[in-house]
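Scroll down for the structure; my scribbles are underneath it.
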Amino acid sequence: MSFLYTDNGERKKTLASLKRVVVKVGSNVLRGNPGGQTQALVDQLVSLQARGIEVVLVTSGAIPLGMTILGKTTRPKDLAKVQGLSALGQCYLMRHYENACEKHGMHCAQLLLTAADLRDRERNMRVTACIRALLDEGILPIINENDSVSVAEIKIGDNDTLAAMVATMLDADLTVLMTTIDAFHETDAKTGEFGRRFSVVTGLDQELLAMAGSTDGNPYSTGGMMTKLHAASICTADGHALAIVDGRDFQNLIRFMDGEDIGTLFCNAGNRNPLRSWQRFLTFFSEPAGAVVVDAGAEEALVQRNKSLLPGGVLGVSGIFRKGDPIQILNASRQEIARGIANFSSEELVRVCGAKSAQLPELLGHPVDSPEAVHKDFLVLK
Ligand code: GLU
């Protein structure tokens, strides 16, 4: 396990050159007094902006607000009813944020996203460009999942994960999850009893993951510590940090940003090199259109020697894909070893499996500029 009970300077390193931060607030921190809470939150976000930091907000709370408006205390089982509550609550949520921003002479803008928007390269790039354009205008982008259209296949599922994904898309330096717990604590896996606070976590392993229950069982919220740790694993794999900070008092955001040893900071000390944008897309968002199975020689060349995948090392092809589609690269035991962008369609690749590069023009019946099945520049190892 890689953690510290007291900060050893990681906060200072992480906070030293913050340019862009994604702040996520959970439903429970807004409940009770959503108007007052959104104002208190926006006040803090504005003071971060005043420090020259670009801020993006991911907010939960639409469904619980919809429940409150209709006087419901239990979440309906019927999906359409939940989606209706979200559509209702989202308007009210944004009205609160608009009022709060107006007090600072600032605008906010709403983006409602689904997983399908993030998995599609073109849409992912459009959303990223849109958020950047808003930031350039000094507008506060406010993001929630588009619950009203989100069915299982396109659902992100929880806003902790959504926040981490948004942060990776935007190449943010830090994601802050503001929740109704002060930090990630040592937890007795059997009794669920809390022990000491983890100040810094530099590596998430099975033992730490086992300390997180699946959800907190609250009817108004979705997450729990498990989704927060999942979000932390996305952020740290991307080379940026994530913090869990107590959102019951939004002033904690500024205290954390000032370097105070509160909350839990997750960082990957060994990985401070952010991925390039297409690598990030392949790693976190892409839905592979198919797969190729490679032989042991190709596996070794990819994994050990950072080489491209040549058709000669491909044993078989599955799925139907076009040149340019993301595909999985599996070893002979069908384990995914890498993901990459196909340089040939599945139909062409089937024809050149096992062939030498020099044979490709004849086998395909046209000239071939680059013989790689997947070029090393468009490949990320798992
Ligand atoms: N999108 C949901 C809402 O606005 C919240 C999901 C979550 O909290 O993770 O109510």
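The values are calculated or read from the model by the stated rules, or taken from the named source; none is laboratory data. Note that the coordinates shown come from a computational prediction; the quantities given were computed from them, not determined experimentally. Here the Cβ positions follow ideal geometry from the backbone for every residue, glycine too, while neighbour counts run over all protein chains shown. Just so you know, the surface numbers come from the protein's heavy atoms only, side chains and all, with ligands and any DNA or RNA stripped out. Shrake-Rupley method; radii C 1.70, N 1.55, O 1.52, S 1.80 Å.
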Would you mind classifying the range 85-180 by shape? Square roots of the alpha carbon gyration tensor eigenvalues, ordered a ≥ b ≥ c; an a/c under 1.5 is rounded, otherwise it is prolate if a/b is larger than b/c and oblate if not. oblate
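Would you mind working out the accessible area per residue for the range 1-87, using a 1.4 Å probe, and quoting it in Å²?
Details: 3890 Å² over 87 residues.
Per residue, the range 1-87 has an accessible area of 45 Å².
What does the net charge come to around Gln37 if you take all other residues with beta carbon closer than 15 Å to its beta carbon, with K and R at +1 and D and E at -1? Walk me through the intermediate numbers first.
On the way: positive: Lys24, Arg31, Arg95, Lys103, Arg248; negative: Asp43, Glu98, Asp246, Asp249.
The answer is +1.
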Between Glu137 and Glu260, how many nm apart are label points set 7 Å from Cα along the C-beta direction? 3.5
Quick check: pseudo-label points 7 Å beyond the Cα along Cα→Cβ at Glu300 and Asp43, how many nm apart are they? 6.5
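With only alpha-carbon pairs counted, each pair once and no self-pairs, how large is the Kirkwood hydrodynamic radius of the chain in angstroms?
22.4
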Name the residue, out of Ile320, Ile254, Ile53, whose mean-square fluctuation peaks in a Gaussian network model built on the chain with Cα pairs under 10 Å. Ile320
Which lysines have a Cα less than 29 Å from the Cα of Lys81, not counting those fewer than 8 places away in the same chain? Lys24, Lys72, Lys155, Lys228
Can you show me the helix-derived [θ] at 222 nm for the chain, built from DSSP H runs with n ≥ 4 at -39,500 (n - 2.57) apiece and divided by the number of residues, rounded to the nearest 500. -10500 deg cm²/dmol
Using the basic label-point model (7 angstrom from Cα toward the beta carbon), what is the Lys307 to Lys72 distance in nanometres? 5.9
So how long is each side of the range 1-126 along the principal axes, counting just the alpha-carbon atoms, biggest first, in Å? 48, 37, 36
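If you average the sequence gap of Cα pairs under 8 Å that are 6 or more apart and divide by the length of the range 270-382, what percent do you get for the contact order? Walk me through the numbers on the way to the answer.
Values: 218 pairs, mean separation 33.6, N = 113.
Result for the range 270-382 is 30 percent.
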So which residue, out of Val245, Val201, Val350, gets the largest mean-square fluctuation from a GNM of the chain using Cα contacts under 10 Å as springs? Val350
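Probe of 1.4 angstrom, ligands and nucleic acids ignored: what's the accessible area per residue over the range 269-382, in square angstrom? It would help to have the intermediate numbers written out before the result.
On the way: 5990 Å² over 114 residues.
Ligands and nucleic acids excluded, the result is 53 Å² per residue.
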Among 374-381, 124-131, 3-10, how do they line up by average Cβ neighbours within 10 Å per residue, starting with the highest? 374-381, 124-131, 3-10
Along the Cα-to-Cβ line of Glu287, 7 Å from the Cα, sits a label point; which residues in the range 77-116 have backbone N less than 14 Å from it? 114-116
Tell me the relative contact order for the chain as a rounded percent, counting alpha carbon contacts under 8 Å between residues six or more apart. 16
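Per residue and in Å³, how big is the convex hull formed by the alpha-carbon atoms of the range 287-330? Before the final figure, lay out the partial values.
Values: hull volume 3.3 nm³, N = 44.
Hull volume normalised by residue count: 74 Å³.
Using a 1.4 Å probe on the protein chains only, how many percent of the accessible area of the chain belongs to carbon and sulfur? Working shown, then result.
Values: 8700 of 17320 Å².
Percent of accessible area from carbon and sulfur atoms in the chain: 50.
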Is the range 265-368 best put as rounded, prolate or oblate by its Cα gyration tensor, with a ≥ b ≥ c the root eigenvalues, rounded for a/c under 1.5, and otherwise prolate when a/b is larger than b/c, oblate when not? prolate
Taking Cα pairs closer than 8 Å and at least 6 residues apart, the relative contact order of the range 47-91 in percent is 44
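More than 20 angstrom separation, counting every C-alpha pair in the range 71-140; what % is that?
Here the tail beyond 20 Å accounts for 51 percent of pairs.
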Checked the range 1-65 with the C-alpha gyration tensor, a ≥ b ≥ c its square-rooted eigenvalues, rounded below a/c of 1.5, otherwise prolate if a/b is larger than b/c and oblate if not; verdict oblate
